[in-house]
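The values are calculated or read from the model by the stated rules, or taken from the named source; none is laboratory data. Worth saying up front: this structure is predicted, and the values here are computed from it rather than measured. Here Cβ is always computed from backbone atoms with ideal geometry, including for glycine, and neighbour counts include all displayed protein chains. Side chains included, ligands, DNA and RNA excluded: accessible areas come from the protein's heavy atoms. Shrake-Rupley method; radii C 1.70, N 1.55, O 1.52, S 1.80 Å.
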Amino acid sequence: MDNKGQTGMIKMRSTKHRLHQGHPSKAINRLTSTIVIFSLSTLVALTSLPSFADSEIFRDKFISLGTATTSGTFHLVGTQMCNLINQGRSSSLIRCVPYNTVGSDYNVKAVANGDLTMALTNSDIAYNEYTQNDASGKRSSKLRAVMSLYAKPIMVIARSEAKITDVTQLAGHSINLGNVGSGQRHLVNILLKAFGLTSKSFTEVYELNATKMGDAFCQGKVDVIVESLGNPSPFYKRMIEECNGVIVAF
């Protein structure tokens, strides 16, 4: 990111007491000379900035990193990644800022549109966006995969009271779709399409993020939740051991 210019504020000492000493015109002449010299010095410094600002040292040094909601794993991972990068900022001149977003689906589109420099997302979502074609048939996205962090197997958990033993029995129960724009929502939509289900197939449909989803599940409001986290996961442990959840077989 280019440093287009800098704004400074300089506070000059008062010269009021000088104007009352000696001949007023001489004091004014001295003051005028000082201001002229100061102005010329400032002009030289400022005119030298553009050539300096155009050097490579000021280019591409800001990273806006899309994470997820504060309750999501991506938020924690992205924040720690930026912390590590910023530890070397004095030598690398790279500043990383993690931004809270709604999740993977939003992240990959924001990077493709240039709203974010980098972002964390599910690999399948990134692949889908990368292979999208525009009206002319050309690939519209300039996305690049930088690195893979960890595997995220799909997990379907149901309340034991719902008596759900496999995914063919999801219909007729309450389910959480996930918040709009999240990787979780994208994943649930794929599963429902594969099983020939729609939102009308369920008694209740929720659009909760990870934290609210877990609370609703433990309170008995949601029968089925779908998530993809690195395993083992404290979240899964809580859902199963504390909230009477069971893993649903595919």
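Being small (Gly, Ala, Ser) and surrounded by 15 or more Cβ atoms within 10 Å (Cβ to Cβ) is the filter here, so list the residues in the stretch 192-232 that pass it.
Ser201, Ala210, Gly214, Ala216, Ser228
Specify which of the listed residues (Thr203, Thr168, Thr211, Thr198) is in contact with a Ser or Thr (Cβ under 6 Å, 6 or more places away or on another chain) and modelled with pLDDT under 95.
The unique qualifying residue is Thr211.
One line per residue, one yes/no per condition, for (1) open to solvent by less than 80 Å² (accessible area, probe 1.4 Å); (2) more than 19 Å from the chain's Cα centre (by Cα); (3) basic (Lys, Arg):
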{"site": "Gln80", "(1), (2), (3)": "no, no, no"}
{"site": "Ser92", "(1), (2), (3)": "yes, yes, no"}
{"site": "Tyr99", "(1), (2), (3)": "no, no, no"}
{"site": "Leu120", "(1), (2), (3)": "yes, no, no"}
{"site": "Ser123", "(1), (2), (3)": "no, no, no"}
{"site": "Arg144", "(1), (2), (3)": "no, no, yes"}
{"site": "Glu161", "(1), (2), (3)": "no, yes, no"}
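Looking at (1) in contact with an Asp or Glu (Cβ under 6 Å, 6 or more places away or on another chain); (2) closer than 20 Å to Arg159 by Cβ, which is the only condition Gly181 fails?
(2)
Provide a single number: the residues in the stretch 101-118 that are open to solvent by 50 Å² or more (accessible area, probe 1.4 Å), touching a residue at least 60 places away in the same chain (Cβ under 8 Å) and part of a loop (DSSP other than H, G, I, E, B).
The total comes to 1.
Given the residues Ile157, Ile175, Ile247, which is the only one that is in contact with a strand residue (DSSP E or B) (Cβ under 7 Å, 6 or more places away or on another chain), aliphatic (A, V, I, L, M), open to solvent by 80 Å² or more (accessible area, probe 1.4 Å) and under 25 Å from Thr69 (Cβ atoms)?
Criteria check complete, one pass: Ile247.
Take Asn86 and tell me if it is over 30 Å from Arg185 (Cβ atoms), surrounded by 10 or more Cβ atoms within 10 Å (Cβ to Cβ), more than 14 Å from the chain's Cα centre (by Cα) and at pLDDT 85 or above. Give the derivation first.
Working: over 30 Å from Arg185 (Cβ atoms): yes; surrounded by 10 or more Cβ atoms within 10 Å (Cβ to Cβ): yes; more than 14 Å from the chain's Cα centre (by Cα): yes; at pLDDT 85 or above: yes.
In short, yes.
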